[in-house]
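Notes to accompany the following structure.
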Amino acid sequence: MAIIYTYPISPPVGTDLLVGTRSGVPRNPTRNFSVDQLAVYIIDNLNGTNLTVPIFFDTVNPTTGLVETTLVDSILTQNANPGGTTLTIAGNLYITGTLRDSTNKTGLQGQVLKSTVTGTEWGNVNSTTEVIPFNNVTTITATHTGALGTFPSITVVNNNNIVVYGEIAYVSTTQLTVTFASAQTGNLYLN
């Protein structure tokens, strides 16, 4: 029998056989199994493995002048397989092709990718404007939805379609007041 270190070193293939001992059973029998069988066992019985996509670079060895392939750390990983649901990119993402939503659509120019809670979809940017009417008052206390943020922009237009100005105070994240020098009638436009 040859000594183990006298065998050539080469990358494994799926059909290579490994020798092992089954422990915990009478007489601890020796058995062989393939690399493929070991991989299936790890994935099916040990909750898989974290997958890392290796990145290789070809470099020229300055001493020999030969091209050598060098393995570097990966920036792309997937959590445990099977059942892995998270792909992590440690760095920037540059896309040269299309970006598709959960329904395999590419969207239209000017649309944004939005969450649907269970996936993604392309949709238009919401340009919401809240309109709050007021009638013959010097101070308006308005409650808005908060969808426009804590400090929405405010334009006051009176009933003659003229922009009028008042003192604006943001009372809370969803409430504001506008105070005029004299009574006004018109609409607040929040955006």
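The values are calculated or read from the model by the stated rules, or taken from the named source; none is laboratory data. The structure displayed is predicted, hence computed values, not measured ones. Because the Cβ atoms are built from the backbone with ideal geometry, glycine has one as well, and the counts that use them run over all protein chains shown. Areas reflect the complete protein model, heavy atoms only, side chains present, ligands, DNA and RNA absent. Shrake-Rupley method; radii C 1.70, N 1.55, O 1.52, S 1.80 Å.
Residue check: is Ile95 within 30 Å of Phe57 (Cα to Cα), in a strand (DSSP E or B), of a type outside the set (Ser, Thr, Tyr) and open to solvent by 70 Å² or more (accessible area, probe 1.4 Å)? For Ile95, the condition - within 30 Å of Phe57 (Cα to Cα), in a strand (DSSP E or B), of a type outside the set (Ser, Thr, Tyr) and open to solvent by 70 Å² or more (accessible area, probe 1.4 Å) - is not met. Restricting Leu108, Leu99, Leu148 to those that are out of contact with any helix residue (DSSP H, G or I) (no Cβ under 7 Å at 6 or more places or on another chain) and in contact (Cβ under 8 Å) with a residue 24 or more places away in the chain reduces the list to Leu148.
Quickly run through the stretch 124-134 and pick out the residues that are surrounded by 11 or more Cβ atoms within 10 Å (Cβ to Cβ) and outside any loop (DSSP other than H, G, I, E, B). Listed by number, the residues that qualify are Glu130, Ile132, Pro133, Phe134.
Can you tell me which residues in the stretch 140-169 are open to solvent by less than 80 Å² (accessible area, probe 1.4 Å), within 39 Å of the chain's Cα centre (by Cα) and within 13 Å of Leu190 (Cα to Cα)? If the condition is that a residue be open to solvent by less than 80 Å² (accessible area, probe 1.4 Å), within 39 Å of the chain's Cα centre (by Cα) and within 13 Å of Leu190 (Cα to Cα), then Ala142, His144, Gly146, Leu148, Gly149, Thr150, Pro152, Ser153, Ile154, Thr155, Ile168 are the ones that fit. Within the stretch 66-91, the set of residues being modelled with pLDDT of 70 or more, aliphatic (A, V, I, L, M) and under 24 Å from the mean Cα position of the chain (by Cα) comprises Ile75, Leu76, Leu87, Ile89, Ala90. Ile89: without any contact (Cβ under 8 Å) to a residue 40 or more places away in the chain and of a type in the set (A, V, I, L, M, F, W, C), yes or no? Yes. Condition (residue is at pLDDT 80 or above, of a type outside the set (Phe, Trp, Tyr) and surrounded by 13 or more Cβ atoms within 10 Å (Cβ to Cβ)) applied to the stretch 49-65: is it met by at least one residue? Taking every residue of the stretch 49-65 in turn, none turns out to be at pLDDT 80 or above, of a type outside the set (Phe, Trp, Tyr) and surrounded by 13 or more Cβ atoms within 10 Å (Cβ to Cβ).
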